[in-house]
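Right, one structure below, let's go through it.
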Amino acid sequence: MPIYKLDENRIDFPNPLLAEENGLLAVGGDLRPERLILAYSQGIFPWYGEGEPILWWCPRERYIIRPENIHVSHSLAKYMKKHEVNAVCERDFSDTMHRCRMKREENEGTWITDDMEQAYAELNKRGNAAALEAEVDGVIAGGLYGVVIGNNFFGESMYSDHENGSKIALVLLAERLREKGFGMIDCQFHTDFLESMGGEYISYSEYMKMIRG
């Protein structure tokens, strides 16, 4: 099936159920805030490399963490009890996102481009993106950022500068989302790390029910 090409003059998307088996749905368009909000509200997200056209994805199976089901291993719980741990919310959204980018560029490469940094910073200004970092013994140890639509958090990326930094940030995020009645943390794709933190697969139909509340 040919990949659907987006019209830059419109922000609509094809039916997400038309996505290919690997989740690829469409190509093109732009990262204006209205398009991004519409995309995430349907479970669609951009993921592409520097110099490539914008690729939009919508996997048929979704990988999520329910905030109430976040898994804290015995060793992590022991570590958090031993150290002074605090959540730092919205310290500097753009800096948190850039740290995620730099950490990935050091390792396996990143999809976080200059255009994406600018686009998500604008979402943050509009209240549709947020960042949280974990402070351990007074030092920022790791963090993450994502998109916020209704009572759902769509995780984008995370980084760790010190031991357990990203794990603690994810645990602290889940705690705050649970307190606020959020239904899920969308993880987009499965990883062993996310599975160890309580991730699970759900169908696209169940996923959309959660988004729509």
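None of the figures in this text is laboratory data; all of them are computed from the coordinates on show. Note that the coordinates shown come from a computational prediction; the quantities given were computed from them, not determined experimentally. Cβ coordinates were reconstructed from backbone atoms using ideal geometry, including for glycine residues, and neighbour counts include every protein chain displayed.
Loop-located GluC sites (Glu not before Pro) across segment 131-177 with a Cβ neighbour count of 15 or fewer within 10 Å are Glu163, with loop assigned by DSSP. Exceeding 24 Å between C-alpha atoms, which entries from my cross-link table qualify? They are Lys180/Lys209; Lys82/Lys125; Lys78/Lys167; Lys81/Lys125; Lys5/Lys125. In this structure, Lys82/Lys125; Lys81/Lys125; Lys5/Lys125 lie more than 24 Å apart at Cα. Among Met158, Met102, Met184, the residue with the largest mean-square fluctuation in a Gaussian network model of the chain, with springs joining Cα atoms closer than 10 Å, is Met102.
Backbone geometry of segment 124-136 corresponds, through the Karplus equation with coefficients 6.51, -1.76 and 1.60 at θ = phi - 60°, to 3J(HN,Hα) couplings of 4, 4, 8, x, 10, 8, 8, 9, 9, 10, 9, 9, 10 Hz, x marking Gly and Pro. Rg over Rh for segment 4-60 works out to 0.92, using Cα positions for both radii and the Kirkwood form for Rh.
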